[in-house]
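The values are calculated or read from the model by the stated rules, or taken from the named source; none is laboratory data. Everything quoted here is computed from the prediction, not taken from an experiment. Cβ coordinates were reconstructed from backbone atoms using ideal geometry, including for glycine residues, and neighbour counts include every protein chain displayed. Each accessible area value is taken on the protein alone, full model and side chains, heavy atoms only, with ligands, DNA and RNA left out. Shrake-Rupley method; radii C 1.70, N 1.55, O 1.52, S 1.80 Å.
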Amino acid sequence: MPKNNTSTSLNTLSRNLVRSFAAMLLVLLALLSFALWNFHRLGEADGWKAHTYQLLLESQLLEESLFSIDNGVRGYIVNGTQSELLVFEEAQVAFRKHLIELQRLAADNPEQLRRLQDADKEKDKYVELVKPVIASRLPSDSLEQAVMKTSGSAKGRRVALGRVTSVLKTFEDTEKALLGGRTADQDRWRRLTEATLWIGSAFSILLTLFLSIVSVRAVRESSSAYARLRESNDQLENSNSQLETAKEGLEAEVIQRRSAEEKLQRVVSDLKRSNTELEQFAYVASHDLQEPLRAVAGCVQVLKRRYEGKLDERADQFIGHAVDGAQRMQNLIHDLLAYSRVGTKGKPFTDISLDKVVDGALQNLSASVSESQAQIERVPLPTIRGDSGQLEQVFQNLISNAIKFRGGKPPHVEIKCLPWDDSEASKGWTISITDRGPGIEPQYFERIFVMFQRLHTRTEYPGTGIGLAIVKKIIERHGGRIWVESVVGQGTTFSFYLPENAPDPQERVLDDSQGLEETDINVEKVERGVVNIVS
């Protein structure tokens, strides 16, 4: 009987332990699920709070852009310089950029979207109001004249500007109110999460006490039962420790992932800013540099045609220097734009015949070939994928250099082609253009592909020093590379590798053709204007 009683007691104890352990797991799982749900809601609250902060930041940037627009108008009224107008135009671009970003961020709030639309309309009204003011302000006006011309519209400008700032203030006040509510939600979920953790800790303590009581009973009933219970308790503590370790590891991983996302966002922002700066460079080069330079060149050419020989020799020299400098600057800007557009104005790759490409290049150089009595030897060339216009520019530049740098004898140019099959590169072709000119010293092999690096003076050979840099950039856009081999006194060979099936680069085309058309200046119109002023 005692043996049977002991067995019955052990069975009862085992059943109680199993039930207690199952209940513990259920409660722990429930608490864990509830804690994870709280963490999820807390993360959502953090996201909405960060979203609101981003909206407020963009709203402040939008308001700064608005004030920059007004400052540009005021600055132009006071100073009458083109730089102030540039500030006015750039501020409008920045206003549009921040407005689009705000509309994207506020897409979930129709009321805020309506306010942004109202702000945009009021800003447009303000811009329409100041355009006559800008038009009436002449560069030759004194400060008093400019103030008298624009004083009548000052009050209207202030009222229009005030309407825009009022709408933006309402927008910001609404976002601040939302921020307050979302901060309260965040605090509520944080408190709930902390309470869940405290409850879980208290449950763990109660459970430990319960297991201690069961252990005491097990010791009283049987030493073996106590040993088994103690082993179970140790296993449970080990599981809790592993769970805590896993939790800490998960939190560390979340922190690392957030840090990586922030770094990625900064990199994306830097890339956007870099692209914006490149676009701004193209705009400045095509508008703010070419237009005044062409105007100056046109005026100086008019002066040279009308007054050359009528003034003293010193004045003729000055005018000649001015014409030459303006022409060189125009050539330099033209080549810089050509260099910058290799990647942005390129056409999609198609199957092209390099023989036809060389035919086009030689047709463009027919006058130079005929004048120099150049001999051109060529072999049949393959068909590849690429941009025919850019590759024609490559051949034209290299052949033109071979004709230009010919020394004192008629140029002799050889165009050759060999297959390229390297395990480290895709299948393609190596094309070489060889001349019998004076050659290039080895220390200049890399330098000649860098912009503005010339080996000769302008009096010896004309040019800007950008041609080979453009050639290199075109070759690299086609997935190839270019190099030079030369022996001084014997000639030079430019070789470049082109893959047979180059992938079409995914590039954003900047449509600035309209800007270039707007900056074209008719020299005859400038001449008539100068003649009218002189008369």
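Among the residues of the stretch 1-18, is any modelled with pLDDT under 75 and not in a helix (DSSP H, G or I)? Within the stretch 1-18, one or more residues are modelled with pLDDT under 75 and not in a helix (DSSP H, G or I). Inspection of the stretch 471-478 identifies at least one residue that is among the aliphatic types (A, V, I, L, M), modelled with pLDDT of 80 or more and touching a helix residue (DSSP H, G or I) at 6+ places or on another chain (Cβ under 6 Å).
Scanning the stretch 295-327 for residues that are among the polar types (S, T, N, Q) and surrounded by 13 or more Cβ atoms within 10 Å (Cβ to Cβ), we see that the one that is modelled with the lowest pLDDT is GLN327.
Of all the helices (runs of 4 or more DSSP H) wholly in the stretch 74-172, which have at least 1 residues that are modelled with pLDDT under 75? If you could, list the steps in order and put the result at the bottom.
Details: elements: 82-105, 110-136, 143-150.
Once the helices (runs of 4 or more DSSP H) in the stretch 74-172 are filtered for at least 1 residues that are modelled with pLDDT under 75, what remains is 110-136, 143-150.
The residue of the stretch 428-446 that is farthest from ILE352 (Cα to Cα), among those that are out of contact with any Pro (no Cβ under 9 Å at 6 or more places or on another chain), touching a residue at least 12 places away in the same chain (Cβ under 8 Å) and among the hydroxyl-bearing types (Ser, Thr, Tyr), is THR434.
State all residues of the stretch 101-128 that are among the acidic types (Asp, Glu) and in contact (Cβ under 8 Å) with a residue 60 or more places away in the chain; if no residue qualifies, say none. I'd like the intermediate steps shown before the answer.
Going residue by residue through the stretch 101-128, those that are among the acidic types (Asp, Glu) are 101, 108, 111, 118, 120, 122, 124, 128.
Passing the criteria: only GLU111.
In the stretch 44-60, the count of residues that are among the hydroxyl-bearing types (Ser, Thr, Tyr), modelled with pLDDT of 85 or more and open to solvent by 40 Å² or more (accessible area, probe 1.4 Å) is one or more.
Return a yes/no flag: does the stretch 328-341 have any residue that is buried (at least 16 other Cβ atoms within 10 Å of the Cβ), modelled with pLDDT under 85 and in a loop (DSSP other than H, G, I, E, B). Scanning the stretch 328-341, I find no residue that is buried (at least 16 other Cβ atoms within 10 Å of the Cβ), modelled with pLDDT under 85 and in a loop (DSSP other than H, G, I, E, B), so the answer is no. I want to confirm something. Restricting to the stretch 410-419 and keeping residues that are hydrophobic (A, V, I, L, M, F, W, C) and open to solvent by less than 50 Å² (accessible area, probe 1.4 Å), which single residue is farthest from the chain's Cα centre (by Cα)? So, considering only residues that are hydrophobic (A, V, I, L, M, F, W, C) and open to solvent by less than 50 Å² (accessible area, probe 1.4 Å), the one farthest from the chain's Cα centre (by Cα) is VAL413.
One residue is enough: does the stretch 449-463 have a residue meeting the conditions open to solvent by 60 Å² or more (accessible area, probe 1.4 Å) and modelled with pLDDT of 75 or more? There is no residue in the stretch 449-463 that is open to solvent by 60 Å² or more (accessible area, probe 1.4 Å) and modelled with pLDDT of 75 or more.
For the stretch 426-437, state whether one or more residues are open to solvent by less than 80 Å² (accessible area, probe 1.4 Å), under 19 Å from TYR497 (Cα atoms), modelled with pLDDT of 90 or more and not in a strand (DSSP E or B). So far as the stretch 426-437 goes, no, none of its residues is open to solvent by less than 80 Å² (accessible area, probe 1.4 Å), under 19 Å from TYR497 (Cα atoms), modelled with pLDDT of 90 or more and not in a strand (DSSP E or B). Counting the residues of the stretch 224-251 that are open to solvent by less than 80 Å² (accessible area, probe 1.4 Å), over 44 Å from the mean Cα position of the chain (by Cα) and within 28 Å of LEU42 (Cβ to Cβ) gives 3. Which one is most open to solvent (accessible area, probe 1.4 Å), of the residues in the stretch 61-92 that are among the acidic types (Asp, Glu) and out of contact with any helix residue (DSSP H, G or I) (no Cβ under 7 Å at 6 or more places or on another chain)? Of everything passing the filter in the stretch 61-92, GLU64 is most open to solvent (accessible area, probe 1.4 Å).
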